[in-house]
Structures are given as C-alpha cells and as structure tokens.
Amino acid sequence: MEARTARLEDIISPFDSKIVRKLRDMREIFYFKDELNNLDQNKIVYEVYEFKNNDLNLSLTLLYPGKVGNEYFMTKGHYHEKEVGEIYYCIKGRGLLVMQSRKGEVNYLELEKGTIAYVPPNYAHRVVNISDEVLSFLAFYTSDAGHDYKSIEKEGFKVIVIEVDGKPEVKFI
Ligand code: M6P
Ligand code: ZN
C-alpha cells in the first residue's frame, strides 16, 4: 500500500484519472431537449479529477456555469453500488446538492465556499451550478463505492433546478 500526497492548486496534482463531460454526453440528462439540440454539443459541462488510493478516493469537480433552456448545468448524478455515503467540500462558487433516496424522497442543500455536506448511503446525488462562475468542489468516498448511473437514469430525478426571474428554483416535474 502506497502512502502519498497530492496538492490542490487549480486542479489536483498529480491526478490518476480525468473525466470530461460535454453536452453530447448528457443528452438523456437535461430536461429541455429542443434547447439542448440548439447548443454546441462539444461544450464542456464539467471535469472531474480523481486522486485514487487503496481504500479512499478524492475527486475535484469543476462544474462550469451554463444553462440548457433555463435548467442549470449539473452533473449526471449517481447512486453508489455499495451502501456508503460521501462528503462534499465546496471550494468556490454556488450550487445545490440534490439528493434522492431509493424511496423517492428528495432533499437538497446549498453549497457555497467552505460548505461541507454529507450524502447518506442510498441517496442518488447530483450537483447543480446556480451561479455564473465555475463551481469547484471536492468529494471524498470509498474506492469501492462504485457509480450506479443506470438506476437513477431509469427512475429519473423528481426535480429540476431552473432559473426563474434570475433566481434558482427547484421544481417537481
Ligand atoms: C463528484 C463525485 C464523483 C463523481 C463526480 C461527477 O466529484 O461524486 O464520484 O464522479 O462528482 O458526478 P457524476 O459521476 O454523477 O457525473
Ligand atoms: Zn458519489
């Protein structure tokens, strides 16, 4: 087992993996399909840098500002495959952390610089950027947590976060 360090400057350095999600990768995710088709499909919605270790992983997400129609840019969202939670730490920007249990209970928390938020096991989780600057946050999770995207894609999130009169609103759909 290796003990090592990384540094957080603009990104995690060194990082072990990087994911870039563009609008073209999120066609099933955004609500307003016609508006989505009118946007540049190569636009980057977010980037994730992971520092992976034996049993614990850390990731940095840079979630860009933007909207599809009046729905804000967001992450895909996932459950964990194992019954484990996750901790978020917001570095900068403003966001909403939307959570939905397997029973369909919805909960959300505001993220701003310095917020630490806990996602319980068996809650799908997604982050929404409700500002016009980059939302940057760290996530800590066990390396066996796993990402289950299928279940939440099938069920769908029950809410969308949209801009109404210049302000974010969480709407049940
Ligand atoms: C956070 C963590 C990661 C996740 C990323 C993007 O950094 O929760 O595990 O991959 O956000 O979210 P998603 O995988 O749902 O696209
Ligand atoms: Zn997770």
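What follows draws every value from the coordinates through simple rules; no lab data is involved. Keep in mind it's a predicted model, so treat the numbers as computed, not measured. A quick note on method: Cβ atoms are made from the backbone with ideal geometry, for glycine too, and the neighbour counts reach across all protein chains shown.
Put simply, when 8-18, 49-59 are sorted by average Cβ atoms within 10 angstrom per residue, most first, you get 49-59, 8-18.
Close amide-amide hydrogen proximity is noted between residue 22 and 45, each under 5 Å apart and 5 or more residues distant or on a separate chain (H modeled in the peptide plane; Pro and chain starts excluded).
Only DSSP H runs of four or more residues enter the estimate; each adds -39500 (n - 2.57), and after division by the residues of the chain the mean residue ellipticity at 222 nm equals -1500 deg cm²/dmol. With only the Cα atoms considered, the range 1-95 has a convex hull volume of 124 Å³ per residue. Computed from the Kirkwood radius of its Cα pairs, the Stokes-Einstein diffusion coefficient for the range 93-145 at 20 °C and 1.002 mPa s stands at 179 µm²/s. Shown here is the pair-distance distribution of the chain: with all Cα-Cα distances grouped in 10 Å bins from zero up to the longest one, the shares run 10, 39, 38, 12, 1, 0 percent. Each of 17, 29, 106 was placed along the dipole of the chain (beta-carbon charges, centred on the mean Cα), and the one lying farthest toward the positive end is 29.
With a cut-off of 13 Å between beta carbons, the residues surrounding residue 17 carry a summed charge of -1, where Lys and Arg count +1 and Asp and Glu -1.
Residue by residue, the range 110-127 carries 3J(HN,Hα) couplings of 7, 10, 8, 2, x, 5, 10, 10, 10, 9, x, x, 6, 10, 5, 9, 8, 10 Hz when phi is fed to the Karplus relation 6.51 cos²θ - 1.76 cosθ + 1.60 (θ = phi - 60°); x denotes Gly or Pro.
Using Cα-Cα distances under 8 Å and only pairs 6 or more residues apart, what relative contact order does the range 1-148 have, in percent?
On the way: 356 pairs, mean separation 37.9, N = 148.
Averaging sequence separation for qualifying contacts and normalising by length gives 26 percent for the range 1-148.
For the range 70-82, backbone phi angles converted through the Karplus equation (6.51, -1.76, 1.60; θ = phi - 60°) give residue-by-residue couplings of 10, 8, 5, 4, 7, 7, 4, x, 7, 8, 8, 6, 9 Hz, Gly and Pro being listed as x. Put simply, the convex hull of the Cα atoms in the range 85-173 casts, on average, a shadow of 6.0 nm². Evaluated with a Cβ-only charge set (Lys, Arg +1; Asp, Glu -1), the chain carries a dipole of roughly 180 debye about its Cα centre, given to the nearest 20.
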